Amino acid sequence: MADVFRFFNPATGSHYFAVGDTARAEIAAANPTWLNEGVAFQALTSQIAGTTPVMRLYNADTGRYLFTSNAAEIEIVQTQGFVIQDTAAWYVSATEGGATGYDLSVVRIYVPALNSHVYSSNQAEIDILINQLNGVNEGAAYFISSTGVDDGAKTDPDSGINYGDSDEKVGTTTIELAYEPTELEGMTAQSSDQINLTAFRSDSRFAGIDGTGQTVVVIDTGIDLDHSAFGPDTNGDGVSDRIVYHQDFSQDGDGTVNDVDGHGSHVASIVASSASGYTGMAPNANIIALQGLGNNGGGSFGDVEKALQWVVRNASAYNITAVNMSLGATTNRNTEAANPYGLDDELAALTNLGVITIVAAGNDYAQFQTEGTSNLSADPNSIAVGAVWSGDFGKVGLDNTTAADRITNFSQRSDDIPSVMAPGALITGAAPGGGTVQLQGTSMAAPHIAGIAALAQQLANQTIGRSLSPAEFESLLLQTGVTVFDGDDEDNSLAATNTNYQRVDVLALGEAILSLGGGTTPTPNPTDTIPNDTSTTAAVTIGTDLGSSIDFSGDSDWIRASLTAGQTYTIDILGSPSSAGTLSDPTLTLRDSLGNVITYNDDGGTGYESRLEYTPTSSGTYYLDVAAYGSATGSYVVRTSSTGGSTDIAGDTSTTATITAGSTVTGTLDFAVDRDWYQIQLTAGGIYQIDLKGAPSGAGTIADPYVRLYNSSGQLVDYNDDGGTGLESLLQYTPSTTGTYYISAGSFRNTDLGTYSLSVSQTGQSTQDIPGDSSTTSVITGTTSVNTSTLESAGDTDWFRLDVTAGSSYQIDLEGTGSSALSDPLVRVVTAAGTELARNDDGGTGLNSQLIYSPTTTGTVYISAEAYGNYYSGDYQLTVVQTSVGGADIPDDTSTTQTVTLNSAMQSDLGFVGDEDWFAWDIVAGTSYQVSLAGVGSNELSDPLLRIYDSTGTSVLLSNDDGGTGLDSLLNVTATSSGRVYIEADSYGGFYTGDYQLLVTVTGTSALSGARLADDAGVQVLAATEVLDPFAGM
């Protein structure tokens, strides 16, 4: 038995198979852009009884390879430009058990998006191909031995995606393996022992170092906001208390970071889970979840860039220690270089702010097999993190054996960048819905380092009175790490780098930080009397000064203040600039009753003094968190004042503020996260332009306005940022229904306060807007229908009614057209209730969509013309062509009402891919028959396949493919007893459609002798000419 490796060729969208390590290495070297997907299965390289050869064919015109063992298919494709390359690639069994031990099917799946076939024995991969890529299951191609089969090979649905600039797609660098729940306990605890985190926690020198006061940002697929791993939800708002901020920057448009994919929740829990059994690195650190990737695990670097820009603007306010990005593209470089996706300036800004950026090194070592990390992690302002095994898990993927500190087969690695190593397989973490899941990948290794960064900064501030610079942190990681060598005990077929790498050691890191400050943790200054948490008893009365001091480096004082909704408060922290105290550079953070950050100011007052203006929306206790910039100490004065009732506009449907088309209003964002809602009446078909202006045009003072539009229920229907002048917002929208809507005036940075101008104008009236529901009056008729229309605004969808017939096939093309062409059309087929039946994106030319739809039932469906992500508007053309006509489909089981009439031809059709027709046949003992199945007519069935089932319909008695003329099927049988059996009319692989003729003729009587096949009812047929199905194509 030899390993059969599968390679993906992104240029053709097809696969190539190499048998054995030598062939794998040759193919990898000759084709560096091909993706090595690992061992697909194992097969024989020499023939034994019961096996058949798989042939390798090549088409020089298309660059595609075909692997098949079906003689008829080989004959056909040779007429289409394919040439046999060698005698046999490998050997398999055409039937299950045809060769001893050949019990595992290799399934053949046609993937329209690749215009290619994929062959797999992995059920998880088969499910992805069918459910996510709309693949057509053509059944078992052949059978292999299940002994030694590697289930680790996975298909990446984004294999064909190229990466170039900040608008291109990215994916999470993770591989998921499913394990039984009993094997999940203690995996994070196991990695904690491995990296000496357990020893660190039990050492009295590091008592209380758990991430307290530190904040880690996770840019990912979102987070389970109320998962127990992130602590309690004290106020019952559906968000765990330690998740101090969250925002969706992805193009999903759902306005929430609730994690659908699961990757982000898992990563965040490795950073800071406080749950027993899978405690994170820094279990008391705060978390900020910024969703940069969509619910499907993909997204654009542009969305990630916006998330990073938010971090730059808010790093000081939230005391952000580190950013974790378990993201990447399939790239490899071994020298540091500025990020090529437009993120280099944000990464540099974060470094200047003292924020440590952690990036997964990448999971594509098996493809490149040379030193390097992904482009994203090779930026000099990021730390690349590779993955080692956290323990012995036996054979996993390409690793025949595993053990702690062996470098995983998938992890990219570099001594020149350099990359640091951390446990990345297998790691237990949070899963959406409150549970756990076990994952592996450099995605899991990176958050180990991000959490450790929070521990290091907390310790550094307590020990040496300052934070470590990102460069210091990286240097200490590498200096104190444990050496792991690539090439000593890794047990796989990949080329080793024979290089040393450093795996993180938390205890050694902590000791190195202590040595910077003398080796001991100092006792806080005993004169400090104001705690830095909600236990404080210090309080300020509005209008009365309160004096205190920052007593030591890193000290902060939390002071209670009772604030009333609607009042506007001015809060000043005065120091040496105004001679009110000696503190040279005070800072002020305003916190809610739970201690969560509301807003922050530094240098907003006189000189370096701080000033905030804030109007609360609810009355209660708030906390003034007074600290110093850097390591300054000294005395200060808190001075407060208030003004009368607020005129703030409500930020929900309770608003009384209104605006009409053709008018302009001005307003003020009074406090952090303030949004002003205006009620407006819009008319269906009206074309409206909404402008929200601020500082760029001089219409206000807000630097970056952000406008949102909600329906009468308060649900988001559209939004815009930066569509106007500079960073101002301009939104064009055409409603499909008349009624009440709400315009929200806000800012991209929730702490950006000031004035704005909001105007609404109706620029036209669309008389042809098509509803996006079953009320549509747009109907598709005839066998060919061409419709042109417009998606008037982002989020618009147009529905077309289509009456379909079971067994028919319809080709649906949605294309952008004209000078204002829709940029990225997406087409779906849905029910009247909106349930999706089929979809396609980018299946046509360029970004246009093409879908082949074959309904199994007759009735009404709706074609929904949309834009990818509901993000674009523009003109489109919808073309629907009925490519085949079906009628009442013949059932494919014993419920069939079709019966065989002897010596009389019966004609019907297979109306859609996968269609099968059954005919009941009453056979008479002693009678011999000839059964033929042939394609007929102008729409003839290309390759008929004939089967005979027993009386229960569960067991195949006989089958034939290509036993008649050409590709037609034929069987000669003799009945040994009377009873009912069933004839199945099918096609080779279930892949073809068309018209056929079934003819059963009596050829005489015969003596009953020879091999017999019996069903459960005792009915037997004797195969005088027994030709079993030889289908063994790829």
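Points to keep in mind about this one:
- Residue selected from region 577-594 under the condition part of a loop (DSSP other than H, G, I, E, B) and within 30 Å of N235 (Cα to Cα), by the criterion farthest from the chain's Cα centre (by Cα): S593
- Residue selected from region 464-486 under the condition in a loop (DSSP other than H, G, I, E, B) and in contact with a Ser or Thr (Cβ under 7 Å, 6 or more places away or on another chain), by the criterion farthest from A445 (Cα to Cα): G465
- Residue in region 767-774 that is closer than 29 Å to N939 by Cα, modelled with pLDDT under 90 and more than 34 Å from the chain's Cα centre (by Cα) present: no
- Members of region 837-864 found to be assigned to a loop (DSSP other than H, G, I, E, B) and of a type in the set (A, V, I, L, M), listed by number: L847
- Subset of region 681-715 [over 20 Å from S873 (Cβ atoms) and crowded, with 19+ Cβ neighbours inside 10 Å]: K693, G694, A695, A699, G700, I702, D704, P705
- For V626, the conditions (1) surrounded by fewer than 17 Cβ atoms within 10 Å (Cβ to Cβ); (2) in the same structural domain as P577 (by TED's automatic domain parsing) all hold with the exception of (1).
- Counting only strands (runs of 3 or more DSSP E) that fall entirely inside region 873-961 and contain at least 2 residues that are touching a Gly at 6+ places or on another chain (Cβ under 7 Å), the qualifying elements are 874-884, 906-910, 927-935.
- Qualifying residue in region 236-246 (condition: in a loop (DSSP other than H, G, I, E, B), within 16 Å of the chain's Cα centre (by Cα) and assigned by TED's automatic domain parsing to the domain that holds G429): no
- Of residues in region 370-392 being surrounded by fewer than 19 Cβ atoms within 10 Å (Cβ to Cβ) and not β-branched (V, I, T), the one farthest from N409 (Cα to Cα): P380
- Among the residues making up region 545-558, a single one is surrounded by fewer than 20 Cβ atoms within 10 Å (Cβ to Cβ), hydrophobic (A, V, I, L, M, F, W, C) and at pLDDT 85 or above: L546.
- Among the residues listed as S942, S932, S955, S959, the single one being surrounded by fewer than 18 Cβ atoms within 10 Å (Cβ to Cβ) and over 27 Å from Y810 (Cα atoms): S955
- Comparison of A322, A289, A285, A329 shows that the only residue that is under 19 Å from the mean Cα position of the chain (by Cα) and crowded, with 24+ Cβ neighbours inside 10 Å is A289.
- Condition met for G298 (more than 28 Å from L468 (Cβ to Cβ) and more than 14 Å from the chain's Cα centre (by Cα)): no
- So Y719, is it within 22 Å of Q309 (Cα to Cα), surrounded by fewer than 22 Cβ atoms within 10 Å (Cβ to Cβ) and under 30 Å from the mean Cα position of the chain (by Cα): yes
- Identity of the residue in region 201-225, among the β-branched types (V, I, T) and within 28 Å of the chain's Cα centre (by Cα), that ends up surrounded by the most Cβ atoms within 10 Å (Cβ to Cβ): V218
- Single condition L478 does not satisfy, out of (1) modelled with pLDDT under 90; (2) more than 19 Å from the chain's Cα centre (by Cα); (3) within 20 Å of D405 (Cα to Cα): (1)
- Residue tally, condition part of a loop (DSSP other than H, G, I, E, B) and of a type outside the set (K, R), over region 699-752: 27
- For region 796-836, the tally of residues that are part of a strand (DSSP E or B) and over 21 Å from the mean Cα position of the chain (by Cα) stands at 18.
- Restricting attention to region 668-685 and to residues that are in a strand (DSSP E or B) and more than 20 Å from T599 (Cα to Cα), the residue that is modelled with the lowest pLDDT turns out to be L682.
This table checks each residue for (1) modelled with pLDDT of 90 or more; (2) of a type in the set (D, E, K, R); (3) more than 20 Å from A285 (Cα to Cα).
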{"position": "A403", "(1), (2), (3)": "yes, no, yes"}
{"position": "Q412", "(1), (2), (3)": "yes, no, yes"}
{"position": "V437", "(1), (2), (3)": "no, no, yes"}
{"position": "A454", "(1), (2), (3)": "yes, no, no"}
{"position": "N461", "(1), (2), (3)": "yes, no, no"}
{"position": "S469", "(1), (2), (3)": "yes, no, no"}
{"position": "A496", "(1), (2), (3)": "yes, no, yes"}
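For every residue, the table says whether it meets (1) part of a strand (DSSP E or B); (2) within 36 Å of the chain's Cα centre (by Cα).
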{"position": "T62", "(1), (2)": "no, yes"}
{"position": "I76", "(1), (2)": "no, no"}
{"position": "V83", "(1), (2)": "yes, no"}
{"position": "D86", "(1), (2)": "no, no"}
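- Every listed requirement among (1) under 29 Å from Y245 (Cβ atoms); (2) assigned to a strand (DSSP E or B); (3) modelled with pLDDT under 90 is met by T647 save one, (2).
The values are calculated or read from the model by the stated rules, or taken from the named source; none is laboratory data. These numbers were taken from a predicted model, which means no experiment stands behind them. A quick note on method: Cβ atoms are made from the backbone with ideal geometry, for glycine too, and the neighbour counts reach across all protein chains shown.
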